1. Might you let me know whether the stretch B:57-67 holds any residue that is in contact with a Leu (Cβ under 6 Å, 6 or more places away or on another chain), within 14 Å of chain A (Cβ to nearest Cβ), under 27 Å from residue B:178 (Cα atoms) and not in a loop (DSSP other than H, G, I, E, B)?
2. Find the helices (runs of 4 or more DSSP H) located wholly in the stretch A:1-90 whose residues include 3 or more that are free of Cβ contacts under 8 Å to residues at least 12 places away in the same chain, and list them.
3. Within the stretch B:120-201, considering only helices (runs of 4 or more DSSP H) that don't extend past its boundaries, which have at least 1 residues that are over 23 Å from residue B:96 (Cβ atoms)?
4. Just one of (1) buried (at least 18 other Cβ atoms within 10 Å of the Cβ); (2) at pLDDT below 90 trips up residue A:73, so point out which.
5. For residue A:107, work out the one condition from (1) closer than 20 Å to residue A:195 by Cβ; (2) surrounded by 14 or more Cβ atoms within 10 Å (Cβ to Cβ) it doesn't fulfil.
6. For the list (1) among the polar types (S, T, N, Q); (2) surrounded by fewer than 20 Cβ atoms within 10 Å (Cβ to Cβ); (3) under 20 Å from the mean Cα position of the chain (by Cα), I need the number of the one condition that residue B:45 fails.
7. Taking the residues in the stretch B:95-106 that are part of a helix (DSSP H, G or I) and within 7 Å of chain A (Cβ to nearest Cβ) as candidates, determine which candidate is surrounded by the fewest Cβ atoms within 10 Å (Cβ to Cβ).
Amino acid sequence: MNRLAVWSILGLTLTFLIGPFVIIVAAALSAGDSLAFPPQGLSLKWFIRVFEVDSFRASFGVSMFLAVFGTLTALLLGIPASYGMARYQVPGAEAILLIVSSPIIVPGIIVGLALLRYLVIPTGVGIGLALFLAHTALVLPYAVRVVSASMENLRVDMEEAALLLGCTRMGAFVRIVLPNIRGGVLAAFILGFVTSFNQVPVSLFLSGPGLRTLPIDMIAYMEINYDPSVAALSALLAALSIAIIFAAEKFLGFSRYV
Amino acid sequence: MSDFVTLENLTLAYGRTIAVADLNLSIAKGELIALLGPSGCGKTTTMRAIAGLLTPRSGTITIDGRDVTRAAPARREVGLVFQSYALFPHLSVYDNVAFGLRLKRAPDLDATVRAGLKTVGLTDFPNRKPSDLSGGQQQRVALARSLVMQPKVLLLDEPLSNLDARLRLEMRMELQRVQKETGITMVFVTHDQSEAMALADRIVLMRNGAIEQIGTPEQIYTAPHTGFAADFVGFETILPDGKGGGLAWRPSAVTLGAGPHTGTIRGASFAGERREYVLDTALGTVKADTPATEPRRALGDTVQFDLPPDRAVHLAQVD
């Protein structure tokens, strides 16, 4: 292949990947009143506007809560599960791993609809709890897989050595296993956080008046107000994600775990 | 004193597989014992049971007069140096050695750790991580980590097999020195008979989950009781007597070139000071060697040989 073709493909790919982000940032900097590209004039007013919309503040809180506590809960379930499967001959471990992974295999629309139709409606479970359970389940596959991967090269004789030096089994887990899978746990947390925060299809079915995640709120907002504040908010969220990933890469070597 | 550590009727199993059956063994205080045998003979399993990492199916283990059969590993005062060393990768050399002392809130922690590192000759880099050390250094850290706990028994799993030839000799002397200095009771597991001979006060030769023979290195080397033991220590020509027992000769004990028997040379190899031959004979396979100064015999040659009775060992059991 000649150089021109290589560079063209490379350029197109990068344009396709980065282009939307550039357009959104540009649109957000617009001084005009409607979402448009190229922007009409330059201003930061839509970035300020983002913080003045009450529903954004509320739904940002909901999304943060779900992302943080849903991911923590998933890790609380996922770390022992990974440990169990790494250390003991669990019958049907393959099947369990597959079932645990099902939330990323089954389309979100179906998960959301199923939860609404067969959990929320018949049992009267609050939508908030349903959202929390759904997000926890969605993040669980990442927790189990990423943590499992980091547990694979952790030899069992290290724990046995700790037992002989005076640890209880739990003590050996806390003092030896956890410090050595720390990177994997943090990587799982970041992946889970981002997954939960950006989740749309499942949340769509489980949002209602007064309780919306940020992405759902943004869709709702756009249906009424077609102004650049949504673009500004998207740009801010993208910047947040980029900052988290950069920090993780710098301090942890995040890419080793993903 | 000869029963500082006792194993009585010990049966060990993994699930339905019996690994060690009805084993009895007494170890004296300060003794250096080798558990010797081929892989799968139950030597490592026995060691793990003493450490408490495997609960016996039945039988009793006592250490210093106390029944520890069901005691947790931490409550046995037993140290174990793993074949892989099992150092904690996230902790420095110093913190690895201090790990157990911190758990039991030992007084004089710093002095004890430094003394431990000195015992194994590793005072230069307490702050390094295990991954920055050579295999031999890692093993010394593992040894120090166990020794500072002042265990009643120190167990070592294949302590020399991961080291190269030069380090092996060094570590062997090191272990003997540490044992002499501390007077600690040591049990080490090995599949290498020369290692066991060189280090141990007594050798426990194991086979298929049972003890084949116990004795000093000299006893095992010169007077093996069974065909298996004889073969393990180099009596390579074994003739059953038809009544369960038999006679065995080392290759050097077989006379080549004269004698009442005839054989055909099927294998010949040069081993520096000796030439080693494998003979097909009416009695079965015979292994013989001669000084390398004698002329070389060729494959297919027919030779006379003798199996002198005065140089044979009598075996009680051959199978």
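The values are calculated or read from the model by the stated rules, or taken from the named source; none is laboratory data. A quick note: this is a predicted structure, and the numbers were derived from the prediction, not measured. Here the Cβ is made from the backbone with ideal geometry for all residues, glycine too, and neighbour counts use every protein chain on show.
1. No - not one qualifying residue is present in the stretch B:57-67.
2. Values: elements: A:3-28, A:45-50, A:54-65, A:71-87.
Passing ranges, in order: A:3-28, A:54-65, A:71-87.
3. B:165-182, B:193-199
4. (2)
5. Exception for residue A:107: condition (2).
6. Every listed condition holds for residue B:45 apart from (2).
7. Of everything passing the filter in the stretch B:95-106, B:103 is surrounded by the fewest Cβ atoms within 10 Å (Cβ to Cβ).
Let's see how each residue does on (1) farther than 14 Å from residue B:252 by Cα; (2) not polar (S, T, N, Q):
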position	(1), (2)
B:284	yes, yes
B:289	no, yes
B:295	yes, yes
B:302	yes, no
B:305	no, yes
B:310	no, yes
B:313	no, yes
